[in-house]
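Notes to accompany the following structure.
The values are calculated or read from the model by the stated rules, or taken from the named source; none is laboratory data. All figures in this text were calculated on a predicted structure; none of them were measured in a lab. Every residue, glycine among them, receives a Cβ derived from its backbone with ideal geometry; neighbour counts consider all protein chains shown. Keep in mind that these areas ignore ligands, DNA and RNA; they rest on the heavy atoms of the full protein, side chains included. Shrake-Rupley method; radii C 1.70, N 1.55, O 1.52, S 1.80 Å.
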Amino acid sequence: MGAISIRQQRGLDLIQPYVPGKPIAEVQREYGLSQVVKLASNENPLGPSPKAVAALQAALTEIHYYPDAQSHALCQALASRLGVTPEQVIIGNGADGLIRHICAAYLEDEDEVVISRSTFPAYETSAYIMRAKVVKTPLLPGYRIDLAAMADAVTRRTRLIFVCNPNNPTGTIVTNAEVSAFMERIPEHVLVVFDEAYHEFVQDGCYRDAIHYVQEGRQNVMVLRTFSKVYGLAGLRLGYGVAAAEILAPLLASKEPFVVNLLAQVAGLAALEDDEFVQRTLEVTRAGRQFLYQQFEELGLRYVPSQTNFVLVEIGPQAADVYRKLLAKGVIVRPCGGYDLPEFLRVTVGAPKQNERFIAALKEVLV
Ligand SMILES: *Cc1c(COP(=O)(O)O)cnc(C)c1O
């Protein structure tokens, strides 16, 4: 074959392909194992919301129809829950889809995007695809995002700032006081995107979600949320954004018409009514997190106290090796080299049996 002379666009030259948590079927195949536990992608150990499953079953005979391009019913339901107007809500193909879409709608070549070190990688990838410059700020002690450093990094060229709160993979929050001080310093030409994929899990009283900025009429704030974690719908791809209608207008004008599929819309609407499932998820997560903390302490491993459904644990220079040895024992966790934390593993809080299986495997691997 001759050399391909159709060149990919320059933005793609810069990106690191995203490495997702290994799928269960892949580990079963590669290691010849039947029982595999996946604690690598912060999925819900209780499965999907039962109300969502029931609604999906009823909707299966409707999938010859295109979905509602506006996701009208879901926008209405979210708006009334959140205390905003339906015009201030956009539904996306996962929060990931919205991150990509925000970058496409707002970034020009050479614009600057400020993100923290050791945060969710989708921001960086989407910024690079748009040929923007990525400016990274260091973490504070305690593996927390440094909002003062992010504000310091703003220039005339800055267009977007992504703040993951709580942060993935560290599990830490930025406080309401820190966010307030930060927002006072952010000029109006900069859109601040708060990714609140884990906000339901937070217990720290110093946390406040950022929806109030939209309610108060602040123009340069957008909040992202997802149905993938606490509602257990990761496989359907459903997320949403909340911002001033003027901020959403370029997104609505440029979106793929049917980007949110029919089943996702139906399931999301039903899941929003499933408070009992959310409560159970939070209880299982909190109990599981305590179990993991206690086990890590007994093993003499340091961990970062988490406000989410995952825990970052410090293994040391052999972390990548421990990751592979756990895989061979049928336990999938997340190595953190790609997050600039090569000595750590990120472990999703599972159901009790899964957590026990992980700890048993970890003990075998660490000796
Ligand atoms: C899981 C996750 C997402 C992705 O959400 P989807 O709706 O599944 O695309 C976004 N942001 C963070 C921080 C996440 O951890």
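The residue among 5, 245, 352 whose Cα reaches farthest toward the positive pole of the charge dipole of the chain, with charges on the beta-carbon of Lys, Arg, Asp and Glu, is 5. Taking Cα pairs under 8 Å and at least six residues apart, what relative contact order does the chain come out at, in percent? 24 percent. In this structure the chain gives 45 Å² per residue of accessible area when probed at 1.4 Å with all protein chains present.
With charges set only on the Cβ (+1 for Lys and Arg, -1 for Asp and Glu), what does the dipole of the stretch 131-256 come to about its Cα centre, in debye to the nearest 20? Mind showing how you got there, number by number?
On the way: 14 positive and 13 negative charges, 112 e Å.
In debye, rounded to 20, the stretch 131-256 gives about 540.
Looking at the P(r) of the stretch 120-268, how many percent of alpha-carbon pairs lie beyond 25 Å? The partial results should precede the final answer.
Working: 3323 of 11026 pairs.
The proportion of pairs with Cα distances above 25 Å equals 30 percent.
Express in whole angstrom the spacing between the alpha-carbon centres of the stretch 133-160 and the stretch 165-192. Each part reduced to its Cα centre gives a spacing of 10 Å.
Given +1 at the Cβ of Lys and Arg, -1 at the Cβ of Asp and Glu and no other charges, the dipole of the stretch 93-200 around its Cα centre is 240 debye to the nearest 20.
Give the shape of the stretch 1-105 as rounded, prolate or oblate, defined through the alpha-carbon gyration tensor: a ≥ b ≥ c are the square roots of its eigenvalues, a/c under 1.5 means rounded, and otherwise the shape is prolate if a/b is larger than b/c and oblate if not. Walk me through the numbers on the way to the answer.
Details: a/c = 1.98, a/b = 1.18, b/c = 1.67.
It is oblate, given that a/c is not under 1.5 and a/b is not larger than b/c.
Just check the stretch 182-270 against the gyration tensor rule for me: Cα atoms, a ≥ b ≥ c as the square roots of the eigenvalues, rounded for a/c under 1.5, and otherwise prolate or oblate depending on whether a/b exceeds b/c. Since a/c reaches 1.5 but b/c is at least a/b, the shape of the stretch 182-270 is classed as oblate.
Packing, taken as the mean count of other beta carbons within 10 Å per residue, orders the peptides 33-39, 126-132 from highest to lowest as 126-132, 33-39.
Counting only protein heavy atoms, what percent of the accessible surface of the chain is carbon or sulfur at a 1.4 Å probe? Don't skip to the answer; put the middle values down first.
Numbers: 8900 of 16520 Å².
Of the solvent-accessible surface of the chain, carbon and sulfur hold 54 percent.
Couplings for the stretch 62-69, taken from phi via the Karplus curve 6.51 cos²θ - 1.76 cosθ + 1.60 with θ = phi - 60°, read 9, 7, 7, 7, 5, x, 5, 4 Hz in order; Gly and Pro are left as x. Given +1 at the Cβ of Lys and Arg, -1 at the Cβ of Asp and Glu and no other charges, the dipole of the chain around its Cα centre is 840 debye to the nearest 20.
Considering only 147, 134, 119, the residue lying farthest towards the positive end of the dipole of the stretch 97-153 is 119, judged by Cα position with unit charges set on Cβ. Summing charges over all other residues whose Cβ lies under 10 Å from the Cβ of residue 223, with Lys and Arg as +1 and Asp and Glu as -1, gives -2. Dipole of the chain computed with +1 at Lys/Arg Cβ and -1 at Asp/Glu Cβ about the Cα centre; of 58, 28, 48, farthest Cα towards the positive end is 28. The distance separating the Cα centre of the stretch 94-120 from that of the stretch 1-50 comes to 21 Å.
Express in nm, to one decimal, how much length is gained between residue 321 and residue 261 on full extension, taking 0.36 nm for each residue of separation and deducting their alpha carbon distance.
On the way: separation 60, 0.36 × 60 = 21.60 nm, distance 3.97 nm.
Between residue 321 and residue 261, full extension yields an extra 17.6 nm.
Cross-link partners among aspartates and glutamates for residue 38, C-alpha distance below 12 Å, same-chain residues fewer than 8 apart left out? Within reach: 26.
For the listed residue pairs 133/255; 22/255; 51/363; 229/329; 51/325; 136/363, the alpha carbons are over 28 angstrom apart in 22/255; 51/363; 51/325; 136/363. Considering the chain at the alpha-carbon level, its Rg and Dmax are found to be 20.7, 62 Å.
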